[in-house]
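Novice: If you scroll down you'll find the structure; I have some questions about it.
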Amino acid sequence: MSHRTTKRNKCSDGFRESTNRSTNVRSKLTFVKRVDYEGLWDRLQGEGRSSFTAAEIRDITGASAESVRAAVANAARKGLLFSPTRGLYVTIPPPFRRWGAVPAAHFIDPMMRHLGCGYYTAFLSAAAWWGSSHHAVQEYQVVVDRYVRDRTFERVRLRFHHAQSVADRQVVRVAGPQTMLMVSTPEQTAVDLVEHQRWGYGPSNTSTVLAEMPPLDGATLAELAGRRPRPVAQRLGWLLDFLEVDVDLAPLELLARSGRTTPLSPHSRMTGERSQRWGVIVNTAVEPDV
């Protein structure tokens, strides 16, 4: 009799534990239902907060980590959010919901801050910012101070160029579509494009971009090019001279004089007409589309 009673009590205790677990689950589900997540995404966007972390959502709602993960996953399935990097979420306003993402300029700054990475918008993406957008840029190009892998979100493609430091680069903080962002100045953009020609799709496309840039300062160009290998000043001077851009080239010419002869395209053979002024062998055709 005593044995049966003990067994019955154990069963009863198990039933109470099961009931308590079910009650806790129902309580959590009831709480989650009370959080209007879709309304929350719209409210955050209306407040100018287009990006946020999971921890921030937990602080706002008081919900558990599990329920927040479920909510953002559900929102992503509906095309209301996307995650450019682990732990960071970006709202997608109605005009971009067919994309499944938003343009990179909307989220690149909070993404880089989330990763703890120094950066600036560079190359053709920076040139487009300054009005030189003859060719539509199919990717968003960024210089970063540590390795970040390239990534694609539907129509949005991010490409990262690693530099040892971005501290010596001339950049400005500008107002982007949703947040402030770092962009190289016109002079820094010109130097970067000439130093890394493949990011500008070769000398011809780079020359097209340079021809459409706003007025450049010759002294600033020389200062920035002087921090890079000498051929950068030589090639930049030759291109601007060839394009007859209205800029004082004397500071660049002083740098170029002390350099050895260099090919205009580092990826072509060392044959072609030689520019005495710039010490450049014109080893590729330059055909700007202007």
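Nothing in this text is a laboratory measurement; each read-out follows from the coordinates by a stated rule. Remember, predicted model here, so these are calculated numbers, not experimental data. Positions of Cβ are generated from backbone atoms using ideal geometry, with glycine treated the same way; all protein chains shown enter the neighbour counts.
Novice: Which entry in [x] 22.6; [y] 23.1; [z] 19.6 is this structure's computed Kirkwood radius over Cα pairs in Å?
Specialist: The value computed from this structure is option [x].
Novice: In deg cm²/dmol and to the nearest 500, what is the mean residue ellipticity at 222 nm of the chain if only DSSP H runs of at least 4 residues count, each as -39500 (n - 2.57), divided by the residue total?
Specialist: Helix-only estimate at 222 nm: -13500 deg cm²/dmol.
Novice: So if I place +1 on the C-beta of Lys and Arg and -1 on the C-beta of Asp and Glu, and nothing else carries charge, what would the dipole magnitude of the chain be about its Cα centre? I want it in debye, nearest 20.
Specialist: Dipole size: approximately 2560 debye.
Novice: Take the Cβ-Cβ distance between Arg98 and Ser268 as r, set R0 to 35 Å, and report the resulting FRET efficiency rounded to the nearest 0.05.
Specialist: According to the calculation, E is roughly 0.25.
Novice: Let me ask you something else. Calculate how many DSSP beta bridges within the stretch 104-282 are antiparallel, expressed in % of all such bridges and rounded to the nearest 5.
Specialist: Beta bridges within the stretch 104-282, antiparallel portion: roughly 65 percent.
Novice: Say each of Ala167 and Asp150 gets a label point 7 Å from the Cα, pointing the same way as Cα to Cβ; how far apart are those two points in nm?
Specialist: Each label point is offset 7 Å from its Cα along the Cβ direction, giving 3.0 nm.
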